[in-house]
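Rule-based calculations on the coordinates, nothing more; no lab input. Owing to the predicted nature of the structure, the values given are computational and were not obtained by experimental measurement. Cβ placement follows ideal geometry from the backbone for every residue including glycine, while neighbour counts extend to all protein chains displayed.
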Amino acid sequence: MSDKQIYKPYENWKEFNIIEENGKKFLELYNYKLQIDETNYIPKAGLLFEEILKEKADGKNVLDLGCGQMGILGLIALHYGAKKLLSVDVDERCIKWLSTIIQENNIKNIRVLKSDMFANIDKKEKFNLILSNPPHMPMKSGKLCDSGGSDGKKYIIEIIKKSFNYLEDNGELNMMMFDFEGTNKSYNNDKSIFELAKEIGYSEIKTIFTFEKDITPGSVTYDCLDYIKKVYPKYNFDMIKPKCNIIINSFRK
Ligand SMILES: C[S@@+](CC[C@H](N)C(=O)[O-])C[C@H]1O[C@@H](n2cnc3c(N)ncnc32)[C@H](O)[C@@H]1O
């Protein structure tokens with residue numbers, strides 16, 4: 001017997017099924033049944049990667065950096081034809097949970113590795129596609145999954161810099177961030193992310209997906225909003241109904 005519930009990560013986006021079987025809960029995604037752990041964490045923004053991966057995953061050798069316990073970005077890529085996948089997280093708990101999911105779903109062509117960013121990835125490995133939804137919330141301290149350091153860009157910048165040496169020629173980094181963090185335009189006195197990526201040597205830099213999200217009471221973004229406004233004073237939040245854009249940028253080597 002299985003019970004079905006609807007999971008709708010965002011009001012203005014698609015819905016998924018959560019099923020309950022023998023006291024265990026699973027997120028249903030394509031032909032995968034991804035068990036939800038005791039923290040009840042269900043991916044949200046990461047699922048938006050589907051919008052780009054259905055076009056570009058086919059045949060690629062993929063790295064998912066900060067894969068989380070469900071390894072969602074990489075699994076979407078595999079579904080859309082990725083040839084090989086390396087899923088990496090610094091959190092041992094995520095590595096163990098994802099390894100069980102892989103076994104239970106009999107997923108092939110995937111390796112899972114515990115690593116602090118690129119630290120344990122063989123320097124000789126090259127990827128066609130690096131994917132990341134890194135911790136990118138501006139906060140001085142917070143959960144491993146959320147905290148991107150005081151301006152939210154600690155990992156974003158590290159990933160842009162280090163990915164360059166792990167990409168095949170013409171390979172591409174696709175990374176999620178918030179628009180207020182200053183992608184093609186800066187909202188404080190820092191360089192924009194695009195300027196920085198250009199200096200590193202990426203040849204083609206662009207936003208490939210934009211999703212407008214309401215910042216609703218109770219969300220981590222809402223709780224950090226007063227602080228975010230101080231870090232990015234030039235970004236114009238509508239204070240009656242605050243919104244921001246979740247975006248995926250592409251950095252081509
Ligand atoms: C925003 S969550 C994204 C999880 C998943 N990719 C998704 O989209 O649902 C960020 C992930 O990065 C991991 N992480 C944090 N710091 C890391 C580091 N230094 N190296 C590798 N992974 C890290 C966290 O454990 C967490 O799983």
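Among the residues of segment 169-181, those that are acidic (Asp, Glu) and over 16 Å from Asp64 (Cβ atoms) comprise Asp169, Asp179, Glu181. Would a scan of segment 170-178 turn up a residue that is over 18 Å from the mean Cα position of the chain (by Cα), surrounded by fewer than 15 Cβ atoms within 10 Å (Cβ to Cβ) and away from the ligand (no atom under 16 Å from the Cβ)? Checked against the condition, which is being over 18 Å from the mean Cα position of the chain (by Cα), surrounded by fewer than 15 Cβ atoms within 10 Å (Cβ to Cβ) and away from the ligand (no atom under 16 Å from the Cβ), segment 170-178 yields at least one hit. If we scan segment 124-138, do we find a residue that is among the basic types (Lys, Arg), within 14 Å of the ligand (Cβ to nearest atom) and part of a loop (DSSP other than H, G, I, E, B)? No, segment 124-138 contains no residue that is among the basic types (Lys, Arg), within 14 Å of the ligand (Cβ to nearest atom) and part of a loop (DSSP other than H, G, I, E, B). Out of the residues in segment 38-59 that are over 19 Å from Ile160 (Cβ atoms) and among the charged types (D, E, K, R), state the one that is surrounded by the fewest Cβ atoms within 10 Å (Cβ to Cβ). Within segment 38-59, the match that is surrounded by the fewest Cβ atoms within 10 Å (Cβ to Cβ) is Glu38.
Considering segment 13-37, the residues that are assigned to a loop (DSSP other than H, G, I, E, B) and surrounded by fewer than 16 Cβ atoms within 10 Å (Cβ to Cβ) include one that is farthest from the chain's Cα centre (by Cα), namely Asn22. Cβ-Cβ distances below 7 Å connect the following pairs, each with a first residue in segment 187-214 that is assigned to a helix (DSSP H, G or I), a second residue that is among the aromatic types (Phe, Trp, Tyr), and a separation of six or more residues or different chains: Ala197/Phe251; Ile200/Phe164.
Whether any residue in segment 234-244 is among the hydrophobic types (A, V, I, L, M, F, W, C), under 21 Å from Cys145 (Cβ atoms) and not in a helix (DSSP H, G or I) is what I want to check. Checked against the condition, which is being among the hydrophobic types (A, V, I, L, M, F, W, C), under 21 Å from Cys145 (Cβ atoms) and not in a helix (DSSP H, G or I), segment 234-244 yields at least one hit.
Screening the candidates Gly81, Gly68, Gly46 for the property of being assigned to a helix (DSSP H, G or I), closer than 27 Å to Ile6 by Cα and not aliphatic (A, V, I, L, M) yields one hit, Gly46. Looking across segment 84-94, just one residue is more than 10 Å from the ligand (Cβ to nearest atom) and either assigned to a loop (DSSP other than H, G, I, E, B) or surrounded by 24 or more Cβ atoms within 10 Å (Cβ to Cβ) (or both), and that is Leu85.
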